[in-house]
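The values are calculated or read from the model by the stated rules, or taken from the named source; none is laboratory data. Being a predicted model, the structure only gives us computed values, none of them experimental. Here Cβ is always computed from backbone atoms with ideal geometry, including for glycine, and neighbour counts include all displayed protein chains.
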Number of protein chains: 2
Amino acid sequence: MNIDSLPTPCVLIDVDRMKANIGRAQAYADQHGFSLRPHIKTHKIPAFARLQVEAGAKGITCQKLGEAEVMADAGLDDILISYNLIGFDKLARMTTLARRIKLTVAADSLHTVEGYNRAAEAADVSFDVLIECDTGGGRCGVQTPEEAVTLAQALRGGARFAGLMTYPAAGKTAEMAAWLSAALAAFKATDVPVRVVSAGGTPDLWKAHTIPGVTEYRPGTYVYMDRSQVAVGAASMDDCALSVLATVVSKPRPDRAVIDAGTKTLTSDLLGMEGFGHIPACPHATLSGLSEEHGVLRAESGLPEIGERVRIIPNHACVVSNMFDTVYLVSGERVLDAMPVAARGRVS
Amino acid sequence: MNIDSLPTPCVLIDVDRMKANIGRAQAYADQHGFSLRPHIKTHKIPAFARLQVEAGAKGITCQKLGEAEVMADAGLDDILISYNLIGFDKLARMTTLARRIKLTVAADSLHTVEGYNRAAEAADVSFDVLIECDTGGGRCGVQTPEEAVTLAQALRGGARFAGLMTYPAAGKTAEMAAWLSAALAAFKATDVPVRVVSAGGTPDLWKAHTIPGVTEYRPGTYVYMDRSQVAVGAASMDDCALSVLATVVSKPRPDRAVIDAGTKTLTSDLLGMEGFGHIPACPHATLSGLSEEHGVLRAESGLPEIGERVRIIPNHACVVSNMFDTVYLVSGERVLDAMPVAARGRVS
């Protein structure tokens, strides 16, 4: 079956490109002696997580308990949930999961640490905890190395301190390096061993070997790559494994063609770029306007005709695959399989 | 059960506010003698479509065949798909649907019209067709009244011309009025009767009675309302029926709190506004930064603590409900029911 037979809009995953992306990152990590722990937020598909582990990844990373539960059900047995888990229900689900797999979770506050301590004791289970550090990203994370030491020392019993975790802002590798060096020195001074130093982010994936003490890296987007990664030099357009197939449904004027992919397909993510995607077969066109189910292509001439199909490399692959219950695996233009996005919608 | 027991992030639908929104719009339409044909893109829930019809709506509007199929399965029997349906598969599904319900579809090109003509003849079914007009929105739609007449005259057999449809740009009601007046005059001159004049859009809902010849209006967002509708004066914050419930998971500094709702909950839709939502209980906070599963609240002081929950009125309700497989019906803080978003994911 050819992609021309698929209903549009739909998401295509080029498995050859995806496998090459997985292999390239794994080879890089192997060369530099750190582990990969890919973030499944990008694909949310257990079969793809298995491909990553079979290629050599140490385990996987999830952002949500619900995602981790789906992955554990599919046999993935070494999972980091890189998120503060807060509240009785989530802690109960966490300890249930910790009985089934090797689980690691994250904390950046005494509130979170005390929850983990109580949960480990109440359920009589053990799991690893990484202290999340704000090394310049300005999101979660302790603000100083001293706070990291304090939280590490506050962990008790089955809630075991394992190391440090950061999600650095793209391009701030120097700031992150200084922060982590100071933190490792602070831990050394207190004789608390740091087994894991975990960083992430595909934009700076290829600089991961320069991170002080790095033991594992959590790239997500690298599995598919996208227009934003091409923009920052982390990939080429030919590495992009996820594309959206859309049909031209209207061409009101020669300089305007409307496709059946809008924000409910491509999302509104701009990530600092102009336009909502790149169309390799029509690179001069700008995808400038999106409403929920329409995308407007503009060019002075040369736009596709009504009924023609276009493949779009979206700005941000992770949020696009999250819009669809199913993606299509392709090799070139040949459709190999339809794959459920099993962990989509596991929002909590 | 109270909303405090729900896992976060989740979507709450205040049914009292929703019913008031439905009633208010229906009363306005009744007063001015035009029909409502609500667009279900906002809720994607058959039970809510039934509420709209029971309140007096003539039928419903869908953007996708898949949505219409779900609604037809649930007993909704008068559906407009306000979209050019292109390609063999979609036309085959369209004629199947036309056998089951009173179906209306849209066209803005000879390509689409000829597809409808062939499909009606091949399947021996009939359905209504509205000619979509670009009255200033700059998306789909014929560019001149003369083109509208030409397409109306090109419809044959079971593909019956019924009237005109527009989705005007918000705030361009005068431009739309001039366009439609000219079109109605052109049709009058050719003796082709125009039974339906269909417009839409919640921002200008309360001006619908001023549209020349309007017979029906297709508001979508009005059922929930949202921050963008408040911004343009179409609603008040107290009308907003959809909110996102989120938990503070981190507070790295007194001026920064991080919640478990990011772009995979709220989306990146800004719709011209600053920030990604309004928090009634913490109105001085800005929801300024979103990543996929984190939202960053900023204020000099007075931010909620870790473990506390916040309710967020999002910028754009339609895209938020599309992220969730289930929403929770509430009355105040009481949870009444969990409701599947049955037509979510019906992307084609």
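Below is a table of values for the structure above.
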| quantity | calculated |
| --- | --- |
| Selected residue (only one of B:LEU76, B:LEU51 is closer than 19 Å to B:ASP128 by Cα, without any contact (Cβ under 8 Å) to a residue 40 or more places away in the chain, of a type in the set (A, V, I, L, M, F, W, C) and in contact with a helix residue (DSSP H, G or I) (Cβ under 8 Å, 6 or more places away or on another chain)) | B:LEU76 |
| Residues that are under 11 Å from A:ALA106 (Cβ atoms) and more than 8 Å from every other protein chain (Cβ to nearest Cβ), drawn from segment A:133-149 | A:CYS133 |
| Residue that is surrounded by fewer than 23 Cβ atoms within 10 Å (Cβ to Cβ) and closer than 19 Å to B:ASN2 by Cβ, where the choices are B:THR286, B:THR326 | B:THR326 |
| Of residues in segment B:168-179 being under 22 Å from the mean Cα position of the chain (by Cα) and buried (at least 24 other Cβ atoms within 10 Å of the Cβ), the one modelled with the highest pLDDT | B:MET176 |
| Residues located in segment A:118-132, provided they are in contact (Cβ under 8 Å) with a residue 40 or more places away in the chain and farther than 13 Å from A:GLY87 by Cα | A:ASP128, A:LEU130, A:GLU132 |
| Number of positions in segment B:56-72 that are in contact (Cβ under 8 Å) with a residue 24 or more places away in the chain and more than 11 Å from chain A (Cβ to nearest Cβ) | 10 |
| Residue count for segment A:73-118, restricted to those that are among the basic types (Lys, Arg), under 27 Å from A:LEU36 (Cβ atoms) and within 14 Å of chain B (Cβ to nearest Cβ) | 2 |
| Any pair with Cβ under 7 angstrom, 6 or more apart, that starts in segment B:97-112 at a residue that is buried (at least 18 other Cβ atoms within 10 Å of the Cβ) and ends at one that is part of a helix (DSSP H, G or I) and not hydrophobic (A, V, I, L, M, F, W, C) | B:LEU97/B:GLU69; B:VAL105/B:TYR116; B:ALA107/B:TYR116 |
| Boolean, A:THR265 is modelled with pLDDT of 95 or more, over 15 Å from the mean Cα position of the chain (by Cα), outside the structural domain of A:ILE79 (by TED's automatic domain parsing) and not acidic (Asp, Glu) | yes |
| Test: residue in segment A:111-130 that is in contact with a His (Cβ under 8 Å, 6 or more places away or on another chain) and assigned by TED's automatic domain parsing to the domain that holds A:ALA186 | no |
| From the options B:ILE211, B:ILE131, residue that is at pLDDT 95 or above and within 19 Å of B:ASN117 (Cβ to Cβ) | B:ILE131 |
| Answer from B:GLY345, B:GLY275, B:GLY289 - the residue that is in a strand (DSSP E or B) and under 27 Å from A:THR42 (Cβ atoms) | B:GLY289 |
| So B:VAL70, is it touching a strand residue (DSSP E or B) at 6+ places or on another chain (Cβ under 9 Å) and over 16 Å from B:ARG346 (Cα atoms) | no |
| Close pairs from segment B:314-332: first more than 12 Å from chain A (Cβ to nearest Cβ) and touching a residue at least 24 places away in the same chain (Cβ under 8 Å), partner part of a helix (DSSP H, G or I) and not aliphatic (A, V, I, L, M), Cβ under 8 Å, at least 6 apart | B:PRO314/B:ARG227; B:SER331/B:ASP16; B:GLY332/B:ASP16 |
| Selection within segment A:236-271 - more than 12 Å from chain B (Cβ to nearest Cβ) and either touching a residue at least 24 places away in the same chain (Cβ under 8 Å) or at positive phi (or both) | A:MET237, A:ASP238, A:ASP239, A:CYS240, A:ALA241, A:LEU242, A:SER243 |
| Subset of segment A:235-268 (residues that are under 22 Å from A:ASN2 (Cβ atoms), among the hydrophobic types (A, V, I, L, M, F, W, C) and in a loop (DSSP other than H, G, I, E, B)) | A:CYS240, A:ALA241, A:ALA261 |
| Out of A:GLY115, A:GLY138, sole residue that is over 25 Å from A:VAL70 (Cβ atoms) and small (Gly, Ala, Ser) | A:GLY138 |
| Residue within segment A:20-34 that is farther than 30 Å from A:LEU245 by Cβ and in contact with a strand residue (DSSP E or B) (Cβ under 7 Å, 6 or more places away or on another chain) present | yes |
| Test result for B:THR286, β-branched (Val, Ile, Thr) and without any contact (Cβ under 8 Å) to a residue 40 or more places away in the chain | yes |
| Residue in segment A:225-234 that is modelled with pLDDT of 95 or more, within 14 Å of another protein chain (Cβ to nearest Cβ) and outside any strand (DSSP E or B) present | yes |
| Filtered residues of segment B:120-144 (kept if assigned to a helix (DSSP H, G or I) and surrounded by fewer than 23 Cβ atoms within 10 Å (Cβ to Cβ)) | B:GLU121, B:ALA122, B:ALA123 |
| Residues of segment B:292-303 satisfying the condition of being in a loop (DSSP other than H, G, I, E, B) and within 12 Å of chain A (Cβ to nearest Cβ) | B:GLU292, B:GLU293, B:HIS294 |
| Any hit, segment B:222-229, residues being free of Cβ contacts under 8 Å to residues at least 40 places away in the same chain, small (Gly, Ala, Ser), closer than 19 Å to B:CYS318 by Cβ and surrounded by 17 or more Cβ atoms within 10 Å (Cβ to Cβ) | no |
